[in-house]
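In what follows, a single structure is set out as structure tokens and then discussed.
The values are calculated or read from the model by the stated rules, or taken from the named source; none is laboratory data. Because the structure is a prediction, the values reported are computed rather than measured. A quick note on method: Cβ atoms are made from the backbone with ideal geometry, for glycine too, and the neighbour counts reach across all protein chains shown. Note: accessible area is taken over every heavy atom of the protein model, side chains too, but ligands, DNA and RNA are not part of it. Shrake-Rupley method; radii C 1.70, N 1.55, O 1.52, S 1.80 Å.
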Amino acid sequence: MPWTDDVAKQVLSNGLTLLVQRNASAPVVAVVTHVKAGYFDEPDEWVGIAHVLEHMYFKGTARRGPGDIARETQLVGGYINAGTIYDKTVYYTVLPSASGGLETALDVQADALMHSALDGDELRRELEVIIQEAKRKLDTPGAVAAEGLYALLFRVHRMRRWRIGTEDGLRRLTRDDVWAYYAGRYTPGRVIVGIAGDLDVDRALHIAADTYGAWDRPTRPVEGSPPEPDAAPPGLRVERGDVERPLVNVGWRTVGTLHPDAAALDMTAMILGAGRGSRLYRGVRAPGLAASAGAGHYTPTEVGVFEVGLEGEAARLDAATEHAVKLVQALRGGGPEREEVERARALVATQWARRLESMDGRAAVLCEAEALGDYRLAEELYRRDMEVTAADVRRVSEQYLDPATASGFFYLPEGGSTRFEGGWPPGEATQRAELAAVSAPPVAGRRALPAAGEETRYPGGVVHRSYAGADVLVRSKRGAGLATVLVHVPGVTERETGGNAGISWLLARTAIRGAGGLSAEELAQAAEMLGGGLAPSVGAETLGWGMTVRADAVRHAAELLRIVAHDAALTGEDVAVERALQASDARRARDDMFRHPLQRVLGQGFPTDAYGLPALGDPDLIGSIDPAAVRQWGADLARHRAVVVAVGDLREEDLHDALEPLAGWPAERVAPAGSSTPVWQAGRAHETRRKEQTALAMAFPAAPFASAERYPVTVLGALLSGLAGRLFDELREKRSLAYTVAVLPWLARRAGAVLSYIATSPGRESEAREAMLSELGRVVTEPPSVEELERARNYAAGLVEVRQQSGRAVAGEILEAWVHGTVAELHETAARLRAVHVEDVIGVAQKVFDPDRRAEYVVRGGG
């Protein structure tokens, strides 16, 4: 489709490029500032300085003090953030179009871009924050494995470096260093500003030209990375650390973004590693050789990396690695089947559509293409992907993906080993790894819709129809050409106990391994030919499945979801394989230094309720759940009343008609959901790990979702969290205690909690605890000012409005509202948040933040 026909481009006299596109599919506007400066532009003595400058962007100008940039943005209901990568640094603001905040967004971004203060004292404090971020990254196994592979593949090019920088190197950076980088790289000729959304194009161009036109800083020559020599000898590196589950990354150097072979390599990665129909999923993950297996082709402009990533249990990881390489070799020997290429094209089309669905995604795509030479390259790159043939895939596999030239990075638990330490690379496969070709199964013919009860039309466009066994809710959302379909059953997960924790996830995962006489491969192929994938989902109150597909494929998606939900095979073999993989995933979750402590603190607070159980179960106990129990759990699920939600680019009536396969859900009874209020228990616990940081999570009991208190609790979270929040200002900006600080409302049907999180150096744990409790209590002792409250209200409401860009997010909100009985007020969520009074915030803070009632869990680093 012509994505760029209506883009307006203007190059200012100073060399800065403006791109503006109107898209009214959601009441949202985004401003993206793309600076052609990143890690590739750093000499070795300044590693990480591009990221340091990104942080300093938010630390003030001559007109704005530290924190004002985020505060002013949130005041108009938006959010601002940034990211640095090898070839660019990107700053983005997203806000509701109705706020009239476009001028503010442009003025704030331009001021920070053109007039950064780079205060020396602020820099010293921020470097301590970045050092905490760097430590967090060292505690993230995936980051260690990915960049460890890059260090093997590149011996000269700057891609080889640990890009965030080391603690010693960061401490050596001075204000003069940062200023020199800023003055040399942040010049108008290296900047593209993209603006997209529900706006007037001429007005937006006029405002932007006035805002940026006076910037006068000459473009200076910048020495890029030295080129990598052509010869790429294979390498192996094995590292060991405190990880529950080992990782392997195998990779090859390839080509840059605009190289003629880049598209074929992109599609090769999709065929190998994207979705459940991919070769790696079918050949490595489905039989249980690895818990996860994927592939990607990453091209930060001038270089490329083709990568295969695996995670799994140590005993099988060598076999998984060898088989993954065989699957790559098979493409060199015979190439993919026609159906595999068609599946990959469908997935790529949906990926592009989903990225363009959001206004910041749309603006970023245009900027990236312009940085490559012309914004119209976005359509050209898409066209290249769509024109890749099976012969192209075979050719580039032969040319670039020779197993004899592969490099491998293994990240193992302490004491772990791999036989590849005795010889690398893996032996070249002599036989083709066989994978059955699959085609899409037939979809049942059109049937008459079952008799519906009363239709209810809610304000905001949600239409509900009640059927004998299901509640069906739809909402039309035009513009993206996509549709999301969900089928969920409430009340089932709340029945889990300590003895069967994780059984809901085990059922949801195993169901897509075979259903309705179709194998896992056939189900995956059928779903992915529609542009989506069958995705299981389990929450605190519902279990179900969902798909995001082309809008014309809703009926096919509904049929596949019906098959999975009602006719899953759940064989003993499938349950056993998935059970082992889920246990592995549960172990892997313990390496997540954010989610793991938050889950454990909920377990502290709700020790006798399903709300406190780990969603995936205890890895040491999940193996005791037998297939018969899983089948019984599935039979019980099918007897409960279902909730079906569809949001997409169709008329409401067409959405309802297309959901016929699910509208006939044959529930035998409506099981009353449990209504008992969980018992809250205060207490503290910890574990010790060999990590760079200590993560401290607290939980305080709160009212359930349907309570009117959810609005002031949400505003309370916005007051404390985010780049302009009190926690950010006091604990991160002023005291450099942490990189990540947050307060997170967790509101469920029968109870709620407010969670807090901070990760800091192990030696500052007590200081972090005291500081967190002090800031939470200060909401009562030092209530928010009028301006603080307005900022928090608008920020909370703006996030609700910005989420309307995504059909998947809207579908999730409708499902949540139906389960909690709040659909009738869903449309007024933003208005209710903006109506919260200071007394409401003080009241919930006083009620919630009682330190004597808190649960606490610490993952203590430095062990």
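Below, the figures for the structure above:
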| quantity | calculated |
| --- | --- |
| Filtered residue count, segment 314-329, keeping only those that are open to solvent by less than 20 Å² (accessible area, probe 1.4 Å) and in contact with a Ser or Thr (Cβ under 9 Å, 6 or more places away or on another chain) | 3 |
| Residues located in segment 568-616, provided they are within 27 Å of the chain's Cα centre (by Cα) and part of a loop (DSSP other than H, G, I, E, B) | 590, 591, 592, 593, 594, 613, 614, 615, 616 |
| Residue in segment 807-827 that is aromatic (Phe, Trp, Tyr), farther than 30 Å from residue 489 by Cα and in contact (Cβ under 8 Å) with a residue 12 or more places away in the chain present | no |
| Cβ-Cβ under 7 Å pairs, at least 6 apart or on other chains, segment 274-301 side of a type in the set (Asp, Glu), far side surrounded by fewer than 20 Cβ atoms within 10 Å (Cβ to Cβ) | none |
| Identity of the residue in segment 381-416, part of a loop (DSSP other than H, G, I, E, B), open to solvent by 20 Å² or more (accessible area, probe 1.4 Å) and at pLDDT 95 or above, that ends up farthest from residue 335 (Cα to Cα) | 387 |
| Test: residue in segment 318-327 that is among the hydroxyl-bearing types (Ser, Thr, Tyr), over 19 Å from residue 381 (Cα atoms) and part of a helix (DSSP H, G or I) | yes |
| Positions within segment 473-505 being assigned to a strand (DSSP E or B), open to solvent by 10 Å² or more (accessible area, probe 1.4 Å) and among the hydroxyl-bearing types (Ser, Thr, Tyr), in sequence order | 476 |
| Residues of segment 740-772 that turn out to be farther than 29 Å from residue 830 by Cα and touching a helix residue (DSSP H, G or I) at 6+ places or on another chain (Cβ under 8 Å), as a count | 5 |
| Lone qualifier among 604, 582 - being over 30 Å from residue 652 (Cβ atoms) and open to solvent by 10 Å² or more (accessible area, probe 1.4 Å) | 604 |
| Counted residues, segment 802-849 - those being open to solvent by 50 Å² or more (accessible area, probe 1.4 Å) and in contact with a strand residue (DSSP E or B) (Cβ under 7 Å, 6 or more places away or on another chain) | 2 |
| Looking only at segment 617-632, and only at residues there that are among the hydrophobic types (A, V, I, L, M, F, W, C) and touching a Lys or Arg at 6+ places or on another chain (Cβ under 9 Å), the one that is surrounded by the fewest Cβ atoms within 10 Å (Cβ to Cβ) | 625 |
| Hits in segment 163-206 - residues which are among the acidic types (Asp, Glu) and buried (at least 22 other Cβ atoms within 10 Å of the Cβ) | none |
| Unmet requirement for residue 563, which otherwise passes all of (1) without any contact (Cβ under 8 Å) to a residue 60 or more places away in the chain; (2) over 22 Å from the mean Cα position of the chain (by Cα); (3) closer than 30 Å to residue 854 by Cα | (3) |
| Failed condition for residue 273, given (1) open to solvent by 20 Å² or more (accessible area, probe 1.4 Å); (2) farther than 17 Å from residue 509 by Cα | (1) |
| Whichever residue in segment 98-120 is of a type outside the set (A, V, I, L, M, F, W, C) and not in a helix (DSSP H, G or I) and, among such residues, is nearest to residue 16 (Cα to Cα) | 115 |
| Per-region count, segment 520-549, residues surrounded by 23 or more Cβ atoms within 10 Å (Cβ to Cβ) and either among the polar types (S, T, N, Q) or free of Cβ contacts under 8 Å to residues at least 12 places away in the same chain (or both) | 3 |
| Some residue of segment 299-314 being out of contact with any His (no Cβ under 8 Å at 6 or more places or on another chain), within 26 Å of residue 414 (Cβ to Cβ), small (Gly, Ala, Ser) and part of a helix (DSSP H, G or I) | yes |
| Some residue of segment 155-162 being out of contact with any helix residue (DSSP H, G or I) (no Cβ under 9 Å at 6 or more places or on another chain) and over 30 Å from residue 593 (Cα atoms) | yes |
| Any pair with Cβ under 8 angstrom, 6 or more apart, that starts in segment 22-46 at a residue that is under 18 Å from residue 91 (Cβ atoms) and ends at one that is in a helix (DSSP H, G or I) and acidic (Asp, Glu) | 28/801; 30/360; 32/360; 34/368; 34/370 |
| Residues of segment 278-292 satisfying the condition of being in a loop (DSSP other than H, G, I, E, B) and open to solvent by less than 20 Å² (accessible area, probe 1.4 Å) | 278, 286, 288, 290, 291 |
| Unique residue being of a type in the set (A, V, I, L, M, F, W, C) and under 24 Å from the mean Cα position of the chain (by Cα) when the list is 786, 779, 754 | 754 |
| Failed item in (1) crowded, with 18+ Cβ neighbours inside 10 Å; (2) closer than 20 Å to residue 203 by Cβ, with residue 132 passing the rest | (2) |
| Strands (runs of 3 or more DSSP E) (entirely within segment 1-77) containing at least 2 residues that are open to solvent by less than 30 Å² (accessible area, probe 1.4 Å) and under 27 Å from residue 299 (Cα atoms) | 17-22, 28-35 |
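Matching residues to (1) without any contact (Cβ under 8 Å) to a residue 60 or more places away in the chain; (2) over 21 Å from residue 796 (Cα atoms):
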{"position": "67", "(1), (2)": "no, no"}
{"position": "98", "(1), (2)": "no, no"}
{"position": "104", "(1), (2)": "yes, no"}
{"position": "119", "(1), (2)": "no, yes"}
{"position": "126", "(1), (2)": "no, yes"}
{"position": "139", "(1), (2)": "no, yes"}
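Residues are listed down the side, and each one gets a yes or a no for (1) within 31 Å of the chain's Cα centre (by Cα); (2) of a type in the set (Lys, Arg):
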{"position": "217", "(1), (2)": "no, yes"}
{"position": "228", "(1), (2)": "no, no"}
{"position": "241", "(1), (2)": "yes, no"}
{"position": "251", "(1), (2)": "yes, no"}
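Let's see how each residue does on (1) basic (Lys, Arg); (2) assigned to a loop (DSSP other than H, G, I, E, B):
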| position | (1), (2) |
| --- | --- |
| 122 | no, no |
| 125 | yes, no |
| 129 | no, no |
| 132 | no, no |
| 145 | no, no |
| 148 | no, no |
| 151 | no, no |
| 156 | no, yes |
